[in-house]
Amino acid sequence: MIYQRSSALFSEAQHYIPGGVNSPVRAFKSVGGVPIFMKSAKGAYMTDEDDRTYVDYINSWGPAILGHTHPVVLQAIQQQAEKGFSYGTPTELETEIAKFIVENVPNIDQIRMVSSGTEACMSAVRLARGFTGRDKIIKFEGCYHGHSDSFLIKAGSGAATFGNPNSPGVTQGTAKDTLLARYNDLEQVEDLFRHNEGEIAALIIEPVAGNMGCVLPEQDFLRKLRELCDQHGTLLIFDEVMTGFRLAFGGAQEAYNVKADLVTYGKVIGGGLPVGAFAGRNEIMDHLAPKGAVYQAGTLSGNPLAMRAGLETLKLIKNDTGFYERINRTTETLDFEIGKILNSKDIAHRINRKGSMMSIFFHIASVSNFDEAQQANHALFNNFFHHMLKNGIYLPPSGYETYFISDALRDEEIDRTLDAVRKFEYSNK
Ligand SMILES: *Cc1c(COP(=O)(O)O)cnc(C)c1O
């Protein structure tokens, strides 16, 4: 049994932690089998409790964009820790990171720090509602904006009507204010605006979706959403929790040259510590407490350890002029080479990729929305996942997730990955 200690630890964990994990995707329910318990990570690799090492393609679901435990970030955290972990007062460091982000990201004047992407998106929607005086929001099927009630909504029966709760505990009252549209379906969005004229506070979108696998916006989709929002007095919220500082330093706003009214961040912004943030122009952000009336707060918001980790990570990225070109090229190489190998094995597939985000869908020609993501062959992905895992490659444990490529991945790790793909045996029987 190769995952002996992980199995034992998982059994033990299930007694004390619901389902044995602190976040559901970690439990391997989608791919089956026992989740692997890690004990350390450095650079491109994670090491599990059975002393097996893996080339890491989740990188903590995005934050470890430099690879794990970067020495400069580590040192900065250690130095800050000597000075105290948290004060509950303002610090100079918070202004330093806010200024650095505002000066280097297009189209934002002010930024408010929180402790998770969930908080960032929840707060951005509250602010949009407070600013516009409207209740409803539009979101897209398959997009994830954290687990706050307004977002745990699935499409109702009938086309593009209002949503239904997607989890027990979310009320019908909440669900009625969230309208659902299909990703890349502009007509549905137009319909929603038409039938809810003057009622929609915000439209929130992952500008490149990463939570139904990697799904790209079609040509001009984001620009047209911008136009619709302008026509209807609705705020456009880019959820850049995944794409922020990853597609470009200025995230999808920069990569697609489309301006959002509010932008949410998470993942990379904390460099591996728990951070989220939301940002926008003065006229909107001024509505937040204590200056404005829209309430939002957090005991550990702007935590000094987290701010140091985030700031050092962002500076390392910003000061490295070849950074994005390098991780994008690594990802492109993986896309082309994996594609070639799968083709040589006659395994039909589609690889979606943008920047350093990618995912493989099996037995489908293209994926541009959640319905199509569901039509992919997930049983085959699960086989592929376990094959790669046995060969020391840690992919996301679900066919509905994105692979996050880090800057620590070099030729050696790419070769190791491709060798594992070459060994994948699959018969159509
Ligand atoms: C991860 C994620 C979130 C939620 O962030 P948490 O820190 O897990 O709360 C929100 N939106 C997107 C696009 C994400 O990928």
**Asked** Scanning for something assigned by TED's automatic domain parsing to the domain that holds residue 205 and closer than 30 Å to residue 372 by Cα, does the stretch 65-88 turn up at least one residue?
**Response** no
**Item:** Residue satisfying all of: in the stretch 77-95; part of a helix (DSSP H, G or I) and out of contact with any helix residue (DSSP H, G or I) (no Cβ under 7 Å at 6 or more places or on another chain); nearest to residue 47 (Cα to Cα) among these
**Value:** 78
**Fill in**
Only one of (1) away from the ligand (no atom under 16 Å from the Cβ); (2) in contact (Cβ under 8 Å) with a residue 12 or more places away in the chain does not apply to residue 187, and that is (2)
**Message:** For the condition without any contact (Cβ under 8 Å) to a residue 40 or more places away in the chain and surrounded by 14 or more Cβ atoms within 10 Å (Cβ to Cβ), what is the one hit in 67, 20?
**Reply:** 20
**Asked** Is there a residue being within 16 Å of the ligand (Cβ to nearest atom), farther than 24 Å from residue 384 by Cβ and in contact with a helix residue (DSSP H, G or I) (Cβ under 9 Å, 6 or more places away or on another chain) anywhere in the stretch 63-76?
**Response** yes
**Message:** Every residue in the stretch 240-255 that is of a type outside the set (S, T, N, Q) and surrounded by fewer than 24 Cβ atoms within 10 Å (Cβ to Cβ), please.
**Reply:** 247, 248, 249, 250, 254, 255
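Residues checked against (1) farther than 30 Å from residue 364 by Cα; (2) in a loop (DSSP other than H, G, I, E, B):
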| position | (1), (2) |
| --- | --- |
| 237 | yes, no |
| 253 | no, no |
| 259 | yes, yes |
| 313 | yes, no |
| 320 | yes, yes |
**Residue ID - nearest to the ligand (Cβ to nearest atom), chosen from residues in the stretch 261-270 that are outside any helix (DSSP H, G or I) and hydrophobic (A, V, I, L, M, F, W, C)** = 263
**Prompt:** Where in the stretch 114-219 are the helices (runs of 4 or more DSSP H), entirely inside, with at least 1 residues that are within 25 Å of residue 310 (Cβ to Cβ)?
**Reply:** 117-132
**Item:** Which listed residue is surrounded by 24 or more Cβ atoms within 10 Å (Cβ to Cβ), away from the ligand (no atom under 13 Å from the Cβ) and aliphatic (A, V, I, L, M), from 235, 228, 288, 300
**Value:** 235
**Message:** Residue pairs, Cβ under 6 Å, 6 or more apart or interchain, first in the stretch 109-130 and touching a residue at least 24 places away in the same chain (Cβ under 8 Å), second among the charged types (D, E, K, R) and more than 9 Å from the ligand (Cβ to nearest atom). List them.
**Reply:** 109/281
**Request:** Kindly list the number of the only condition in (1) part of a helix (DSSP H, G or I); (2) under 23 Å from residue 65 (Cα atoms) that fails for residue 387.
**Result:** (2)
**Prompt:** If we keep just the residues of the stretch 23-48 that are of a type in the set (Gly, Ala, Ser) and touching a His at 6+ places or on another chain (Cβ under 9 Å), which is surrounded by the most Cβ atoms within 10 Å (Cβ to Cβ)?
**Reply:** 44
**Asked** If residue 167 passes every condition in (1) surrounded by fewer than 18 Cβ atoms within 10 Å (Cβ to Cβ); (2) more than 16 Å from the ligand (Cβ to nearest atom) but one, which one does it miss?
**Response** (2)
**Message:** Any residue in the stretch 143-155 that is within 9 Å of the ligand (Cβ to nearest atom) sitting within a Cβ distance under 7 Å of a residue that is among the acidic types (Asp, Glu)? List the pairs, counting only those 6 or more apart or interchain.
**Reply:** 143/206; 145/239
**Request:** Can you confirm whether the stretch 24-38 contains a residue that is among the β-branched types (Val, Ile, Thr), over 25 Å from residue 387 (Cα atoms), modelled with pLDDT of 95 or more and not in a strand (DSSP E or B)?
**Result:** no
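The values are calculated or read from the model by the stated rules, or taken from the named source; none is laboratory data. Quick caveat: nothing in here was measured; it's all calculated off a predicted structure. All Cβ positions, even for glycine, are placed from backbone atoms using ideal geometry, and neighbour counts span all protein chains on display.
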